[in-house]
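Novice: Quick one: structure below, then a few questions.
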Amino acid sequence: MITVDNLSKEFKVYEKQEGFKGAVKSLFSSKYKIKKAVDQVSFSIDAGESVGYIGVNGAGKSTTLKMMTGILLPTSGECRVFGVDPFTNRRNNVKNIGVVFGQRSQLWWDLPVSESFSILQKIYQVPQNRFRENLAFFKNILELDEFYLTPVRNLSLGQKMRADFAASLLHDPKVVFLDEPTIGLDIVVKDRIRSAIKDINAQRNTTVILTTHDLQDIQEVCRRIIVIDEGKILFDGSIDALKTNYGRWRNIHFEIPLTEQGEATEPLFPPDSEGIEVIDDPSGITVKFQRDMHQVGELISRVMKMRQVRDIKINEPEMQDIVKAIYLKGSAGRTIGVQ
Amino acid sequence: MIRFFRIYSAFFKQQVKSLIEYKLDFAAGMVALGFQQVASFLVLFAVFSQIQAIGSYSFDEMLLFFGWAQLMKGFDHVYNDNIWTVGWWRIRDGSFSQFLIRPLGIVSQIVMERLQFDGLGEFLIGLLIFIYAFIRTGLRFSFGDWLVFGYFFLCGLVIYFALKLLGASVAFWTISSGELMTVTYEIGSFTRYPLDMYKSAIIRSLLIYVLPFALVTWVPMVWFIREPQFIADILGIPWARGSALLGFTGGLTLILLGLSVGTWKAGLRRYNATGT
């Protein structure tokens, strides 16, 4: 179980001025602003959960992760990872966790993957037979064999990621923190990483905390999602809850033959109808409506009666659009917590 | 501790392997460093071919300082070179973070990650010069002398270690402290020559109290070849004679180590892990 309680991290940002003159000036001034990278964040994650932690660049995702992994000292608040304070009790905490930074390999540049793994085995004191089992498991799901004896510096990005991912799990951590594990990878490798994450979560009950910009990762891997923006949590709940809360608008697209277009005389809906919007486009019309205020069937039959319709398409809201809407609203939107 | 050496030896084996892989690179490095050593030795030799002694020291005694300084620097260079990377770039690019997610001491991880074989040349040449000078000066060591010798050796290594760690720690505040570390390290070469060669009281105090390189080279050597009173006079500390001098050296070493570890710890608290 991981608990994060009113966790904050502030950075001092010294005011800089432009150009050479500005640089000289700022040398003699010590004006700074406090930037709250993470601002009183609280949540708790049970063992075995898989949580997507998302937000725009600079929202505070990585900073939160770095506090949970003991790399950064929180400015205030508390964080416990399986009962251990990550910063003050760093060495005990890191035994329980695995960490993958998509932007940076944790393996030793000059060593072959095989040697890196055997050094990690010694560092984490993994018993020989357990190590062999894990190695076989990861070699299988990540297909490490083709580059197992190659020095890390000669690996492709995708191979490095697979090796890094396996390396972070050799010691059977209770929780694995994945910071953008699929960044820059091709679809095939992405798929392999995603299915590996699902496997360890399902088969080994490893808790997964994942940050990413690829919402496909979240949709495939996570059951719960936490959205952070400007250091504050905007949403915390299941993906379905996200859709019902933010994705109330649905679209029905009616395809109308060209010959019939532009002949409409009376409007489809009374001009003061709430929760409904009609958009014309070259191939027909799109009716946007709020799911909780209107029935799909009623809308369709009404339109069918008044227009000659060739085809109908009902669109589910895309998670991408929902999240984008949350991001754009930013902290102006209200915080919704649905478990 | 056992685990430490087990992992250290794993890294060591890997390095030897890659040495074999990059034979030419290693050989070139050794040759270049060898030249450097021989050159500085020749300067000393050239000076002494004109004069037989500097101050109160004979040529052989000068060689003793020279050899010892070289040997210490070489030893430190071999085992504790990786800490430089913290000062140069590990804080700046955030790669320092990787030490924080392993269940081992941070400094031990840094130390064990890389042995610097280049330092081996320095060490060996230093050792040869030292042995030569040791024989020429006709020194004879009793068992007690060897103990004192070992004690000084240890203090010297700790001083080098503490100064490097302190220099690297500064990078937590300044992002990069490689230049500072270089300057500190270069000042260390002052102590190839005896402390009393420097007439300025400021330089002397600097080398005793601030960057105590004098305790690494000069004090240990002069201990064996001069009277206690002579050392106390030059140090400017009347009571620092005999075992009091040993205490003084150890005490200063420990203070420096404490200061350096304290700064390091304080630095860790404000490490801000740049880069995602």
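Novice: What residue, among those in the range A:17-46 that are more than 30 Å from residue A:320 (Cβ to Cβ) and of a type in the set (A, V, I, L, M), is farthest from the other protein chains (Cβ to nearest Cβ)? Don't jump to the end; show me each part of the working.
Specialist: From the range A:17-46, those more than 30 Å from residue A:320 (Cβ to Cβ) are A:17-34; that's our starting set.
Subsequent filtering for residues that are of a type in the set (A, V, I, L, M) retains A:23-24, A:27, A:34.
Details: A:23: 15, A:24: 18, A:27: 13, A:34: 13 Å.
Across the range A:17-46, the extreme among qualifying residues is A:24.
Novice: Kindly provide the set of residues from the range B:88-122 that are surrounded by fewer than 19 Cβ atoms within 10 Å (Cβ to Cβ), more than 12 Å from chain A (Cβ to nearest Cβ) and not in a loop (DSSP other than H, G, I, E, B), ordered by number.
Specialist: Within the range B:88-122, B:88, B:89, B:107, B:118, B:120 meet the criteria.
Novice: Sticking with this one: Between a residue in the range A:168-187 that is farther than 25 Å from residue A:58 by Cα and away from every other protein chain (no Cβ under 13 Å) and any residue that is small (Gly, Ala, Ser) and surrounded by fewer than 21 Cβ atoms within 10 Å (Cβ to Cβ), which pairs come within a Cβ distance under 8 Å, given they are 6 or more apart or on different chains?
Specialist: From the range A:168-187, the pairs are A:174/A:47.
Novice: Next question, about the same structure. Say whether the condition of being surrounded by fewer than 19 Cβ atoms within 10 Å (Cβ to Cβ), in contact with a Leu (Cβ under 8 Å, 6 or more places away or on another chain), part of a helix (DSSP H, G or I) and of a type in the set (D, E, K, R) is met by at least one residue in the range B:261-270.
Specialist: There is at least one residue in the range B:261-270 that is surrounded by fewer than 19 Cβ atoms within 10 Å (Cβ to Cβ), in contact with a Leu (Cβ under 8 Å, 6 or more places away or on another chain), part of a helix (DSSP H, G or I) and of a type in the set (D, E, K, R).
Novice: Now for a different question. Just one of the numbered conditions (1) facing another protein chain (nearest Cβ under 7 Å); (2) free of Cβ contacts under 8 Å to residues at least 60 places away in the same chain is not true of residue A:93; which one?
Specialist: Failed condition: (1).
Novice: Hey, another quick one. Give me a count of the residues in the range A:107-134 that are away from every other protein chain (no Cβ under 13 Å) and exposed (fewer than 13 other Cβ atoms within 10 Å of the Cβ).
Specialist: Here the count works out to 4.
Novice: Take the range A:281-300 and flag every residue that is closer than 16 Å to residue A:250 by Cα and exposed (fewer than 12 other Cβ atoms within 10 Å of the Cβ).
Specialist: First, pick out the residues of the range A:281-300 that are closer than 16 Å to residue A:250 by Cα: A:285-300.
Scanning the range A:281-300 gives A:292, A:293, A:295, A:297, A:298.
Novice: While we're here: Pull out all pairs, ordered by first then second residue, where Cβ-Cβ is under 6 Å, the residues are six or more apart or on different chains, the first lies in the range A:232-261 and is modelled with pLDDT of 85 or more, and the second is assigned to a helix (DSSP H, G or I).
Specialist: Going by the 6 Å Cβ cut-off, the qualifying pairs are A:232/A:331; A:234/A:326; A:254/A:303.
Every residue, every condition in (1) more than 14 Å from every other protein chain (Cβ to nearest Cβ); (2) basic (Lys, Arg); (3) over 20 Å from the mean Cα position of the chain (by Cα), yes or no:
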position: B:1; (1), (2), (3): no, no, yes
position: B:5; (1), (2), (3): no, no, yes
position: B:22; (1), (2), (3): no, no, yes
position: B:34; (1), (2), (3): yes, no, no
position: B:44; (1), (2), (3): yes, no, yes
position: B:58; (1), (2), (3): yes, no, yes
position: B:66; (1), (2), (3): yes, no, no
position: B:71; (1), (2), (3): yes, no, no
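Novice: Here is a follow-up. May I ask you to list the residues in the range A:73-85 that are in contact with a Leu (Cβ under 9 Å, 6 or more places away or on another chain), within 14 Å of chain B (Cβ to nearest Cβ) and not polar (S, T, N, Q)?
Specialist: A:73, A:74
Novice: Could you tell me whether residue A:283 is over 30 Å from residue A:62 (Cβ atoms) and among the small types (Gly, Ala, Ser)?
Specialist: Numbers: over 30 Å from residue A:62 (Cβ atoms): yes; among the small types (Gly, Ala, Ser): yes.
When the stated conditions are applied, residue A:283 passes them.
Novice: Then there is this: When you check residue A:303 against the structure, is it surrounded by 13 or more Cβ atoms within 10 Å (Cβ to Cβ), modelled with pLDDT of 85 or more and either part of a loop (DSSP other than H, G, I, E, B) or at negative phi (or both), yes or no? Full working, then the answer.
Specialist: Details: surrounded by 13 or more Cβ atoms within 10 Å (Cβ to Cβ): yes; modelled with pLDDT of 85 or more: yes; either part of a loop (DSSP other than H, G, I, E, B) or at negative phi (or both): yes.
Against the criterion (surrounded by 13 or more Cβ atoms within 10 Å (Cβ to Cβ), modelled with pLDDT of 85 or more and either part of a loop (DSSP other than H, G, I, E, B) or at negative phi (or both)), residue A:303 qualifies.
Novice: List the residue pairs whose Cβ atoms are under 8 Å apart, where the first residue sits in the range B:63-85 and is more than 15 Å from residue B:189 (Cβ to Cβ), the second is among the charged types (D, E, K, R) and part of a loop (DSSP other than H, G, I, E, B), and the two are 6 or more positions apart or on different chains.
Specialist: Between residues of the range B:63-85 that are more than 15 Å from residue B:189 (Cβ to Cβ) and residues that are among the charged types (D, E, K, R) and part of a loop (DSSP other than H, G, I, E, B), the close pairs are B:81/B:114; B:82/B:114.
Novice: So which helices (runs of 4 or more DSSP H) are wholly in the range B:124-200 and hold at least 2 residues that are closer than 22 Å to residue B:214 by Cβ?
Specialist: Numbers: elements: B:143-169, B:171-174, B:178-187.
In the range B:124-200, the matching helices (runs of 4 or more DSSP H) lie at B:143-169, B:178-187.
The values are calculated or read from the model by the stated rules, or taken from the named source; none is laboratory data. Since this is a predicted model, take the numbers as computed values, not measurements. Cβ atoms come from the backbone with ideal geometry, glycine included; neighbour counts cover every protein chain shown.
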